[in-house]
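Chemist: Take a look at the following structure, please.
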Amino acid sequence: MGLYRDRILPRLVDRACSSEGLQRWRAEVTSGLVGRVVEIGFGSGLNLKHYPPEVEMVLAVEPVKLARRLAARRAGAGTVPVRHIGLDGQAIPLADASCDAALSTFTLCTVADPDKVLAELRRVLRGEGRFHFLEHGIAPEASVAKWQRRFEPWQRRLADGCHLTRDTLALVGQAGFVVEHYEQRYAAGPKPWSYFTMGVAVNRP
């Protein structure tokens, strides 16, 4: 799995996640970001062109070397400074309350321990800092959820640990964030993979 994970999968993810439809979702979830933004699961930098001008710097967390190389090309052509700061969202090498906002797109489905990642985001966000998220997860229809559970073991093997059945809103709420607003609906594509949750949550004591 080393060659597949390190050399092949990042290119497949980059191609699959750069569709025009997903770009519209990315443009919406990045709206309102300001200041210093920590982005977990930075990947190949597909969110870069959507960052608003109010963003001063992106602090990127991404473990896959090839994804970081692909991102460097996009960062070089962009206007927002990007600094790769770490490999693991469970241990972000930033001081407490050092970021104005955080972003996660299609990342909470894959990380080994989403509770730890969200706790780290709360730690590095200043009080009232906002967490913008766009994730896929468990569908509300029992028939779709049944297929998600059936597909999930294969999904995790083929997509580097990606889960189909995580409940994004529950995870964010349990971490202590206060969800300001959210939207949940099916995007284009097969339903087991396309039930999206997009929202903004506030870091409050």
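The values are calculated or read from the model by the stated rules, or taken from the named source; none is laboratory data. As the structure is a computational prediction, the values presented were derived from the model and not from experiment. Don't worry about glycine lacking a Cβ; one is built from the backbone with ideal geometry, like all the others, and counts go over all protein chains shown. Heavy atoms of the whole protein, side chains included, go into the accessibility calculation; ligands, DNA and RNA do not. Shrake-Rupley method; radii C 1.70, N 1.55, O 1.52, S 1.80 Å.
Chemist: Share of the range 19-121's accessible area from carbon and sulfur, percent, 1.4 Å? It would help to have the intermediate numbers written out before the result.
Modeler: Numbers: 2310 of 4400 Å².
Here it works out to 53 percent.
Chemist: Once you charge only the Cβ atoms, +1 for Lys and Arg and -1 for Asp and Glu, what is the size of the charge dipole of the range 93-205 about its Cα centre, to the nearest 20 debye?
Modeler: 340 debye
Chemist: Search the structure for amide H atoms under 5 Å from the amide H of A97, placed 1.01 Å from N in the peptide plane, and list their residues when 5 or more places away or on another chain.
Modeler: The answer is V124, L125.
Chemist: Here's a follow-up. Assuming a ≥ b ≥ c are the square roots of the Cα gyration tensor eigenvalues, decide whether the range 1-94 counts as rounded (a/c under 1.5), prolate (otherwise, with a/b larger than b/c) or oblate. Each step should come with its number before you reach the end.
Modeler: Values: a/c = 1.90, a/b = 1.26, b/c = 1.51.
It comes out oblate by the Cα gyration axes.
Chemist: Solvent-accessible area of Y51, probe 1.4 Å, all protein chains present, reported in Å² to the nearest ten, please.
Modeler: We get 20 Å² for Y51.
Chemist: Might you tell me the accessible area per residue for the chain, computed with a 1.4 Å probe and given in Å²?
Modeler: On the way: 10050 Å² over 205 residues.
Dividing the accessible area of the chain by its residue count gives 49 Å².
Chemist: Something else about it: Defining a contact as two alpha carbons under 8 Å apart and six or more residues distant in sequence, what relative contact order in percent does the range 1-52 show?
Modeler: On the way: 23 pairs, mean separation 23.6, N = 52.
The value is 45 percent.
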